[in-house]
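> Handing you this structure, nothing more for now.
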Amino acid sequence: MTDDAKTPGPTTHQTIDTSVPHSARIWNYWLGGKDNYPVDEAAGDAYSSVFPGIVTVARSSRAFLRRNITYLVTEAGIGQFLDIGTGLPTVDNTHEVAQRLDPTTRIVYVDHDPMVLAHARALLTSTPEGATAYVDADLYDPDRILAAAAETLDLSRPTALILSNILGHIGDYDRARTIVTRLMEGLPSGSYLSINDGSRGTDADYEQAQDAYNETGAVPYFLRPIDKITAFFDGLELLDPGVVSVPFWRPEAASPTAEPIGEHGGLARKP
C-alpha cells in the first residue's frame, strides 16, 4: 500500500467531446456544479422539462450515499472505500464524508472518463492520517480494478464497495450482475456493498424522460425494475430497510412530504 494520494496521469486516447451531452456533466449541472458545457445544460433542461423531479432524484441520491457512508464509518467500523463510477467532484464526495468522521479512512475512486480524470485532483485531497487515490479503469475490468485498489487499500480487511448510479450504464443485466459478483469476491467477509440506481415502476414521467435521453446519442442509462436492483445483493445480508426508494433509506429525520422517487438503493454485508 502507499500512504500518498496518486496523481492522475495524462489522459489516454479518449478526448472530451463537448458536442454531445454527457451524463456525468449533466448530473453535475443538476447538483449545481460548474463542470459542464452548454450542450449538457441544454440536455439537462430538456430532461427536466419532461421530468422536473430529476433534480430531486440527483440530490436524494447524494444524500443516500452520505447516510450510507455515515453508517459504515460510525456503526460498521469500515475504514476503506472503493468508489467505482466516481463522477465529477461535487459536494460531500466519499472521502469528504468518511474522513470527517474518521480521518484515517482510505478511499480509492475509480472512473474511466477523460472529463472525470481531468478533475480527479479535486478528489485527491486527504487528511494526513488517511489516503485517497484515483484509478483510471473500466468497470468492465473488475480484476484490474481490484489489483489497482490493492495498492492503496488492504483488501484483506473489510471494505465498502460503492456503485452509485453506475450499473444503469451497463445494458446487459447479466453482465452487470457478473461484474458486481466478481468485485465482491475480491473483498473479504465483513465487507459491504452499497448500490443505488434509477428504477422503473415508480414514476412514468421519469421513465419517459430517460428513454428520450437515451435516444440523443449520449451514453445511455437504463432504468431497471426494483427487483432487478435488489438481485444485485443476492448472497449478501441486506440491512434494514432493504432496497427502497432512496429518501426512505434510514432518513435522518422524518419528512411528512417525502414521496417515493424512481431511485432505489440498499446496503448489504458480505457474510
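Every read-out reported here was derived from the displayed coordinates using simple, explicitly stated rules and does not represent laboratory data. The shown structure was predicted, so the numbers you read here are calculated from the model rather than taken from an experiment. Methodologically, a virtual Cβ is constructed for each residue, glycine included, from the backbone with ideal geometry; neighbour enumeration extends over all protein chains shown.
> Quote the relative contact order of the range 96-235 in percent (integer), defining contacts as alpha-carbon pairs under 8 Å separated by 6+ residues.
20 percent
> Once the principal axes of the Cα atoms of the range 195-255 are found, what is the range along each, listed largest first in whole angstroms?
So the extents along the principal axes, rounded to whole Å, are 38, 32, 17.
> Then there is this: With a point put 7 Å past each Cα toward its Cβ, work out how far Asp138 is from Ala258 in nm, to one decimal.
Taking the two extended label points, one gets 3.9 nm.
> Could you tell me how far the Cα centroid of the range 183-197 sits from the Cα centroid of the range 70-109, in Å?
The range 70-109 and the range 183-197 have Cα centres spaced 14 Å from each other.
> If we count other beta carbons within 10 Å of each Cβ, what is the order of Asp35, Asp92, fewest first?
If I rank by nearby Cβ atoms, fewest first, I get Asp92, Asp35.
> Might you report the magnitude of the Cβ-based charge dipole of the chain about its Cα centre, with Lys and Arg at +1 and Asp and Glu at -1, to the nearest 20 debye?
Using only the charged Cβ atoms, the result is roughly 440 debye.
> For the range 49-173, what does the relative contact order come out to in percent, with C-alpha contacts under 8 Å and a separation of six or more?
Relative contact order for the range 49-173 comes out at 28 percent.
> Okay, next question. What share of the DSSP beta bridges in the chain is antiparallel, in percent to the nearest 5?
Taking every DSSP beta bridge within the chain, about 35 percent pair in antiparallel fashion.
> Right, next: Sorted by average packing, counted as other Cβ atoms within 10 angstrom per residue and highest first, what order do 65-75, 178-188, 259-269, 212-222 take?
259-269, 65-75, 178-188, 212-222
> On to the next question. Mind checking the full-extension length gain between Asp174 and Thr56? Use 0.36 nm per residue of separation minus the Cα-Cα distance, one decimal, nm.
Length difference between fully extended and current span is 39.5 nm.
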